[in-house]
Amino acid sequence: MARAKAFPNAFGLTVRYAMKALPTAAVIQIMDRAGIHIDASSGFEAARAIRAGVAPEKIQITAQELPVNLQELVAQGVLFNACSLHQLDQYGQTFPGSEISVRMNPGLGSGHSNRTNVGGPSASFGIWHEHLEEVQATAARHNLQITGLHTHIGSGSDPDTWVHCANLSLGLAARMPDVIRLSLGGGYKVARVEGEKATDFDVIGPPVRAAFEAFADAHGRKLHLEVEPGTFLVANAGALIADAADVVDTGETGYRFIKLNAGMTEILRPSLYGAQHPIVVVPRDDSSRGTARYLVVGHCCESGDVLTPAPGNPEELAPRMLCETRIGDAVVIEGAGAYCSSMPSKNYNSFPECAEVLLESGGAFRQIRKRQSLDQLLENEIAG
Ligand SMILES: *Cc1c(COP(=O)(O)O)cnc(C)c1O
């Protein structure tokens, strides 16, 4: 959190936690206490943050779907970042004469796969940069003042991409005279496994700061920088702790499998993107163990429920060298803080949602979410 707040900036910085990464109330409260604001991906997320105790003015909604409760949220003070011409028009009809932010797609792609790419022509996020005149016409029609510009493309760890994105964004800001804050979104890479490259703020930050300074010299506007890390703030703070529920094999020419009492119902990233997470087997006894190659699979009756896919390719399997495993051993999946608990294939095979436990800085464990019960899982069903 301290590192995110120290991101190099010329004229001030607001850090928003992209709460979709891990939206549990206790986690939101930790961010709030640290002075971090909130990026909400839906009206429900905004309402959830308010219930967790966040002041509405500290929440900005950037959503694919226009929230049905937008009027109520904005009336409370929540900020809105329009992500399409339709959203901008709807906001203008409801709140004519007010301030707004718009999300533009500056025409640049990044992200680690097609599935996480949030900029460029193949991404639906934000308003395509060539439609800026329509943005201005829509705003003018409703007397809206566009004071915020947002261009989250998931810039990753490549410094050239950050500078290029900042420059494209500043180019748009130059044509939007009321803009006083510019959000470059999130997407800082973290290294979960060896070989992955983390974003280095000392490398990407200074050129971005210099670009803001040059913009101020040229246009007389000292833009306030906003960033919206999700992954960066929580990814390596969380682990999934499971048991080896079974150990099986498919013969001499086949594979050895560790079956967990968890899986895509808790962590979907490997199946979805071929994401790599460190896996550590913790023997329950003190017998000496060798190592062996295993595929680690989840508990769902679904061949895609795999925790050891090839990097970036969920279609392919990549057996991993692990401690020789016996039934009942603990298996820890690390780097599971972001987009795991928040993005599971919840309740598939009718497995209830798992509990969450927070390890406090003093060393104490505190349960922050209870395990779901079967009754809760069935709560909304209407039997014949
Ligand atoms: C998801 C999201 C983020 C955070 O992305 P990370 O890759 O987790 O840092 C930031 N801004 C917006 C608008 C998002 O949708």
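Could you give the nm distance between label points at L377 and E316, where each point is 7 Å from its Cα heading toward the beta carbon?
For L377 paired with E316, the spin-label model returns 3.5 nm.
Please give the length that would be gained between A245 and E194 if that part of the chain were fully extended, namely 0.36 nm times their separation in residues minus their C-alpha to C-alpha distance (nm, one decimal). It would help to have the intermediate numbers written out before the result.
Working: separation 51, 0.36 × 51 = 18.36 nm, distance 2.73 nm.
Additional length available on full extension: 15.6 nm.
For segment 82-186, what's the radius of gyration and Dmax over Cα atoms, in angstrom?
Values for segment 82-186 (Cα only, Rg and Dmax): 13.5, 40 Å.
Given all pairs of different Cα atoms, what value in angstroms does the Kirkwood hydrodynamic radius of the chain take? List each step's numbers first, then the result.
Details: mean 1/r = 0.0444 Å⁻¹.
Value: 22.5 Å, from the Cα pair sum.
Using the number of other C-beta atoms within 10 angstrom as an exposure proxy, rank R141, R269 with the fewest first.
Details: R141 13, R269 23.
Lowest to highest Cβ neighbour count: R141, R269.
Sorted from fewest to most neighbouring beta carbons within 10 Å, what does the list D329, D178, D217 look like? Display every interim value, and only then the final one.
Values: D329 20, D178 15, D217 7.
Ordered from fewest to most neighbouring Cβ atoms within 10 Å, D329, D178, D217 come out as D217, D178, D329.
Among the aspartates and glutamates, which have Cα under 20 Å from the Cα of K370 when same-chain residues fewer than 8 positions away are ignored?
Of all the aspartates and glutamates, those that pass the test against K370 - Cα under 20 Å, at least 8 places apart if same chain - are E45, D243, E266, E353, E356, E360, E379.
So how strong a dipole does the chain carry about its Cα centre when Lys and Arg Cβ are +1 and Asp and Glu Cβ are -1, to the nearest 20 debye? Working shown, then result.
Values: 32 positive and 42 negative charges, 140 e Å.
Computed about the Cα centre, the dipole is about 680 debye.
Under unit Cβ charges (Lys, Arg +1; Asp, Glu -1), what dipole magnitude, rounded to 20 debye, does segment 238-370 have relative to its Cα centre? List each step's numbers first, then the result.
On the way: 12 positive and 17 negative charges, 49 e Å.
Around 240 debye, computed over segment 238-370.
With a point put 7 Å past each Cα toward its Cβ, work out how far I368 is from A330 in nm, to one decimal.
For the pair I368/A330, the computed spacing is 1.9 nm.
Could you check the spin-label model distance between Y255 and A237? Points 7 Å from the Cα along Cα→Cβ, value in nm.
3.3 nm
For the chain, take the longest principal axis of its alpha carbons; what is the angle in degrees between that and the long axis of helix 85-94, to the nearest 10 within 0 to 90?
Helix 85-94 and the main axis of the chain meet at about 70 degrees.
Evaluate the relative contact order of segment 201-262 (contact order divided by residue number), counting alpha-carbon pairs under 8 angstrom at least 6 apart; express in whole percent. Spell out each step's value before the answer.
On the way: 36 pairs, mean separation 12.0, N = 62.
With pairs under 8 Å counted, the relative contact order is 19 percent.
Could you give me the radius of gyration and the Dmax of segment 1-135, taking only the C-alpha atoms into account and expressing both in angstrom?
Expressed in Å, the Cα Rg and Dmax of segment 1-135 come to 15.5, 43.
K197: which lysines have alpha carbons under 29 Å from its alpha carbon, excluding same-chain residues fewer than 8 sequence positions away?
K5, K20, K189
If you line up the long axis of helix 201-219 against the longest principal axis of the chain, both from Cα atoms, how many degrees apart are they, to the nearest 10?
So the helix axis and the longest Cα principal axis differ by about 10 degrees.
Taken together, the values in this text are just the output of simple stated rules run on the coordinates, not laboratory data. Just so it is clear, the structure is predicted and the values come from calculations on it, not from any experiment. Cβ coordinates were reconstructed from backbone atoms using ideal geometry, including for glycine residues, and neighbour counts include every protein chain displayed.
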